[in-house]
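To keep things clear, I will list the structure first and then write my remarks on it.
The values are calculated or read from the model by the stated rules, or taken from the named source; none is laboratory data. Small disclaimer: the values here were computed from a predicted structure and weren't measured. Every residue, glycine among them, receives a Cβ derived from its backbone with ideal geometry; neighbour counts consider all protein chains shown. Surface areas here come from the heavy atoms of the whole protein model, side chains and all, with no ligands, DNA or RNA. Shrake-Rupley method; radii C 1.70, N 1.55, O 1.52, S 1.80 Å.
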Amino acid sequence: MALIQASIEQLKVGHFVHLPGGWHNHPFMFNAFKIKDDDQLNIIRHLDTAMLVMVDTDKSDFPVEPLIKGDIVPPPPVAMTPFESLAPSFDEKAFRRSVRAAEKQFSESVVELRDALGSLNLKPDEGLANTAQIVRNAAAQLALHEGPLGLHLIRTPHNDTLLQHSLNVAYLSMLMAREMGMNPVEIEEVGLAGLLHDIGEIKVPTQITQKRSELSKAETNFLRMHPQYGFDMLNQLNAFEPKIRQVALQHHERLDGSGYPKALKGKEISPLAQLIGLTDYYDELLHPRQSGFPAPPNQVVGQLYKQSKGKFSPEQVGLLIKLLGIFPPGCLVQLSDDSMALVLSTEPTDTMKPKVLPYVKGQRPEAVAMVDLKEDGRSILKAFPMEELDDAQQQFFSLTRRFCYYFAF
């Protein structure tokens with residue numbers, strides 16, 4: 001075995017790589033494998049552009065130029081003034097304010113969306129205007145913010161799954177749209193399409209949409225009518241532009257033709273519907289119908305990669321994984337000192353170093369310092385299953401049945 005250290009930028013299809021860490025650090029089934037296609041290469045490149053990997057030249061189709069001839073020499077430390085070395089840049093109080101502001105904004109959005117959708121029958125113009133205002137405010141904030149943006153975990157007390165799901169899809173899609181270089185008007189359109197994509201579920205009985213066991217064939221068929229119901233509702237209301245209404249009809253279509261209701265393929269599906277369909281799919285994986293808790297977000301990222309091949313744009317899948325991080329908000333993780341922590345916020349600039357809330361037995365979470373792992377000596381060893389939490393840990397982390405997201409401004 002001839003292992004050579006290389007950067008992610010050097011990798012090509014055909015290289016046999018050894019990724020650092022274990023399976024929990026990436027969405028691949030194995031830690032060492034040959035890159036077989038551009039999809040896998042794009043995912044690796046979205047993990048962490050600063051990450052170094054080992055390439056087994058004996059098992060690769062062609063060689064790779066080593067970063068440094070001979071021994072690997074670490075870069076010299078960056079010189080700091082005495083003040084800089086003593087003063088961390090992480091402002092925990094400011095971070096707590098940011099989390100509280102995000103929770104407040106998301107909670108207000110739930111109420112605003114409920115009121116807006118509830119008024120569509122009696123005051124349709126008012127309801128549509130209020131729906132648009134929800135994403136217009138968020139789009140304006142996104143446009144004004146400079147630099148990379150991450151996501152905060154929102155543990156909301158609301159129990160309306162349709163509203164929370166719609167907001168999750170809207171906000172994740174808007175963040176993707178920003179990273180794709182869309183302008184504020186386009187970002188707002190993406191948000192609107194996300195808010196309204198499942199509006200047809202209003203016409204599906206709640207005993208089906210809220211059922212926590214396997215649906216019968218008849219129930220599944222009824223639920224699968226919601227894209228058509230939503231499209232018809234928006235057309236009757238003459239709501240927004242046709243491309244936004246079209247998302248309600250097409251968001252369950254897949255590029256390989258395996259979706260519904262019309263089994264469309266490839267370019268038959270609008271670009272906007274493809275984007276909303278991807279974030280909708282992620283949120284559905286995160287919140288399985290039959291579970292009382294969300295699925296482990298890091299496992300969902302792996303599922304998203306493995307199950308999305310051919311169904312979604314690989315570039316969009318890679319971007320979503322980059323924005324979510326290897327350990328998305330909501331992950332329970334074990335740190336290198338064997339303590340447990342909840343991932344609160346991630347940034348695409350450093351996916352392995354999120355901000356976390358460590359568990360301290362006998363303490364209230366308000367009294368425990370939140371930690372930025374970019375400045376802390378600890379690192380993440382692995383994800384921790386929610387099912388293994390005891391009552392005290394569940395109460396400490398205040399985990400709810402749904403994980404929601406808002407921008408980490």
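Confirm whether Asp338 is in contact with a strand residue (DSSP E or B) (Cβ under 9 Å, 6 or more places away or on another chain), open to solvent by 10 Å² or more (accessible area, probe 1.4 Å), acidic (Asp, Glu) and not in a helix (DSSP H, G or I). Taking the combined requirement at face value, the residue satisfies it. Of everything in region 361-386, what is in a loop (DSSP other than H, G, I, E, B), surrounded by 15 or more Cβ atoms within 10 Å (Cβ to Cβ) and hydrophobic (A, V, I, L, M, F, W, C)? Give them in sequence order. Once the filter is applied, which keeps residues that are in a loop (DSSP other than H, G, I, E, B), surrounded by 15 or more Cβ atoms within 10 Å (Cβ to Cβ) and hydrophobic (A, V, I, L, M, F, W, C), region 361-386 yields Met370, Leu373, Phe384.
Applying the condition of being part of a loop (DSSP other than H, G, I, E, B) and acidic (Asp, Glu) to region 53-69 and asking which residue is modelled with the lowest pLDDT yields Glu65.
Restricting attention to region 181-208 and to residues that are over 21 Å from the mean Cα position of the chain (by Cα) and open to solvent by less than 30 Å² (accessible area, probe 1.4 Å), the residue that is farthest from Ala239 (Cα to Cα) turns out to be Ile208. Only one entry of Arg178, Arg212 meets the criterion of being in a helix (DSSP H, G or I), open to solvent by 40 Å² or more (accessible area, probe 1.4 Å) and at pLDDT below 95, and that entry is Arg178. If you check Pro27, Pro20 for being of a type outside the set (Val, Ile, Thr), open to solvent by less than 30 Å² (accessible area, probe 1.4 Å), modelled with pLDDT under 75 and under 24 Å from the mean Cα position of the chain (by Cα), only one passes: Pro27. Residue count for region 238-261 satisfying the condition of being open to solvent by 70 Å² or more (accessible area, probe 1.4 Å), in contact with a Leu (Cβ under 8 Å, 6 or more places away or on another chain) and in a loop (DSSP other than H, G, I, E, B): 0. May I ask you to verify whether Lys311 is over 24 Å from Ala383 (Cβ atoms), open to solvent by 40 Å² or more (accessible area, probe 1.4 Å), touching a residue at least 24 places away in the same chain (Cβ under 8 Å) and of a type in the set (Lys, Arg)? Yes; evaluated as a whole, the condition is true for this residue.
In region 34-52, how many residues are modelled with pLDDT of 80 or more and within 24 Å of Pro328 (Cα to Cα)?
The total comes to 1.
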